[in-house]
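As structure tokens, the structure follows; a few thoughts come after it.
Please treat every number below as a calculation from the coordinates, not as lab data. If you're wondering where the values come from, they're calculated on a predicted model, not measured in any experiment. Positions of Cβ are backbone-derived with ideal geometry, glycine not excepted, and every protein chain shown enters the neighbour counts.
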Amino acid sequence: MVNYLNNKLYNYNEIYNDCLKCGKCKPVCTIFNISGDETKSPRGFIDLLNAYQEGVLVLDKNTKDMFDSCFLCTNCVDVCPNDLPVDTIIEQVRFDLGKKYGIAWYKRMFFFLLRHRKIMDFMSYLGYVFQSCAIKINKEKEWATPRFSLPIIKKGRFLPFAKKTSFLNKYDEEINSKNSKRKVAIFIGCMANYSYTNIGDSLVGILKRLNIDIIIPKYQLCCSAPAYFTGDFDSTDYLIKENIKYFETFIDEVEAIIIPEATCSAMIKEDWERYLYNQKDWLQRAIKIKEKIFMATDWLYKNTELESILLTKNKNIEDIITYHDPCHAKKVQGVYKEPRALLHANYEIEEMSNSNVCCGFGGVTIQSEKYELAKKAGKLKSDMINKTNANIVSAECSACRMQITNSLENSSSKAIFKNPIELIYKALE
């Protein structure tokens with residue numbers, strides 16, 4: 001276990017002194033636009049953390065509630081003249097708060113499952129077997145809603161449901177094409193592995209069509225994003241290092257590890273390095289892996305002839321797509337043109353008024369303890385989607401998929417959500 005309590009990546013006083021107090025962060029802040037509370041804004045968070053480091057403010061349950069309300073959408077970082085890492089300092093203080101007040105039992109249980117793939121597989125299968133008894137399923141829209149309230153999940157919530165077989169258990173570890181000279185690995189992400197398995201199926205289909213050999217690493221674990229953003233750095237440390245050791249067994253065999261999930265890709269490319277900043281050996285190993293990590297549409301657009309192949313196909317005139325930019329795609333990795341270019345080869349795209357606005361997912365704490373905040377943020381996004389009259393909304397992120405699907409159902413929208421990888425494969429077929 002790494003002790004971050006006395007060895008922080010950023011000093012709160014220095015961040016406070018570097019803040020220009022210009023207020024450019026407030027209009028784009030997801031939680032401030034919902035609450036209108038200055039303390040729940042990037043500038044307010046920075047002031048609170050400075051007061052904490054000065055010894056003026058005590059980290060009590062009230063301040064914990066404030067910091068837990070941040071969606072970590074990085075909008076503030078995107079517009080800040082000084083590029084202040086507001087998201088990272090909030091992640092730091094959440095670790096302090098987690099150590100002081102503990103992490104809720106259901107979060108600890110969830111993170112335990114993420115650390116143990118076989119147990120997670122078994123629990124997912126049990127969920128598949130018994131879900132018809134406890135939830136109502138809509139297979140077309142890929143959501144399920146509980147038939148009764150649970151301690152964490154409220155009746156009326158729309159959630160992804162478990163599939164009988166996970167993506168990782170569905171395929172052989174290696175899928176070889178004839179006379180292929182190229183090979184990539186797939187990191188699938190937890191939600192696409194257990195619930196939105198068609199994403200992985202579609203990605204395998206695209207790579208086969210491009211005559212590229214595939215490695216599907218069977219023992220990949222969660223990227224650690226849920227634990228990291230919640231402040232469980234013990235689980236974060238374990239997941240990162242186990243994945244690094246495993247990736248090193250095949251990293252030299254492949255030209256890329258492609259990921260159809262914005263959050264997973266951003267976690268591995270950006271946050272692993274940030275987390276390991278004071279562990280030099282692990283840091284260098286993470287940097288080597290980072291060089292081969294790509295979001296799926298980014299790599300396919302830049303490194304294959306996929307766009308040209310798609311342009312030879314008939315244009316889809318039935319579906320109109322509007323594209324949502326996941327926070328961890330456009331703002332963190334600069335990926336937004338690539339999925340649009342691949343989709344535009346076969347589909348009409350009707351842009352919403354502000355595709356960059358956070359969908360309101362916000363992480364485990366927002367979804368489990370502050371659902372009303374997620375619901376309010378989601379309504380803003382669903383209203384934008386509905387005004388386009390698109391029948392499909394797309395984004396390369398399953399967290400956005402879960403949140404937006406929930407928001408669309410709450411607004412009685414007819415639009416459905418599809419990952420761009422699914423739509424691209426449909427066009428190829």
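Report, in whole Å, the centroid distance computed from the Cα atoms of segment 6-43 and segment 165-230.
Going from one Cα centre to the other spans 38 Å.
How compact is segment 12-101 by the rule of thumb for globular proteins, expressed as Cα Rg over 2.2 N^0.38 Å?
Against the empirical 2.2 N^0.38 Å value, I get 0.99 for segment 12-101.
How much of the DSSP bridge set in the chain is antiparallel, in percent, rounded to the nearest 5?
30 percent
Residues with amide H under 5 Å of ILE392's amide H, sequence separation 5 or more or different chain, H placed in the peptide plane at 1.01 Å from N; which?
Distant-sequence amide H within range of ILE392: ILE320, THR322, ILE416.
Need one word for segment 376-419: rounded, prolate or oblate. Basis is the Cα gyration tensor (sqrt eigenvalues a ≥ b ≥ c); a/c below 1.5 gives rounded, then a/b vs b/c decides.
Oblate, because a/c is 1.5 or more while a/b does not exceed b/c.
If I take every Cα pair under 8 Å that is 6 or more residues apart in the chain, average their sequence separation and divide by the length, what percent do I get for the relative contact order?
15 percent
Highest GNM mean-square fluctuation, the chain, Cα pairs closer than 10 Å: which of ILE119, ILE366, ILE392?
Highest fluctuation among the options: ILE119.
Would you kindly derive the ³J(HN,Hα) couplings of segment 172-184 from the backbone phi angles with the Karplus curve 6.51 cos²θ - 1.76 cosθ + 1.60 (θ = phi - 60°), listing them in order in whole Hz, with x for Gly and Pro?
Going residue by residue, I get 5, 5, 10, 10, 9, 9, 6, 6, 6, 10, 10, 8, 10 Hz, with x marking Gly and Pro.
So if I take the centroid of the Cα atoms in segment 267-326 and the same for segment 373-429, what is the distance between those two points in Å?
20 Å
Count the net charge of all other residues whose Cβ sits under 13 Å from the Cβ of TYR301, scoring Lys and Arg as +1 and Asp and Glu as -1.
Computed value for this residue: -2.
Quote the charge dipole size of the chain about the Cα centre in Debye, to the nearest 20; the model charges only the Cβ of Lys and Arg (+1) and of Asp and Glu (-1).
1020 debye
Expressed as a fraction of 2.2 N^0.38 Å, the rule-of-thumb size for a compact globular protein of N residues, what is the C-alpha radius of gyration of the chain?
Values: Rg = 21.1 Å, N = 429, 2.2 N^0.38 = 22.0 Å.
For the chain, the normalised Cα radius of gyration comes out at 0.96.
Between ILE188, ILE214, ILE103, find the one with the highest GNM mean-square fluctuation for the chain; connect C-alpha pairs within less than 10 Å.
The residue that fluctuates most here is ILE103.
Which of the lysines could be linked to LYS178 by a straight reach, that is with a Cα gap under 19 Å, when you skip same-chain ones fewer than 8 residues away?
Here the lysines satisfying the reach criterion relative to LYS178 are LYS208.
Can you tell me what the convex hull of the Cα atoms of segment 308-428 projects to on average, as an area in nm²?
7.1 nm²
With each run of n ≥ 4 DSSP H residues scored as -39500 (n - 2.57), what mean residue ellipticity at 222 nm is computed for the chain after dividing by its residue count and rounding to the nearest 500 deg cm²/dmol? Display every interim value, and only then the final one.
Values: 24 runs with 220 residues, N = 429.
Calculated at 222 nm, the ellipticity per residue is -14500 deg cm²/dmol.
Considering Cα pairs under 8 angstrom that are at least six residues apart, work out the relative contact order of segment 329-378 and quote it in whole percent.
The value is 25 percent.
For every other residue with a beta carbon closer than 12 angstrom to the beta carbon of LYS99, add +1 if it is Lys or Arg and -1 if Asp or Glu, then tell me the sum. Don't skip to the answer; put the middle values down first.
Working: positive: LYS64, ARG94, LYS100; negative: ASP96, ASP232, ASP234.
Computed value for this residue: 0.
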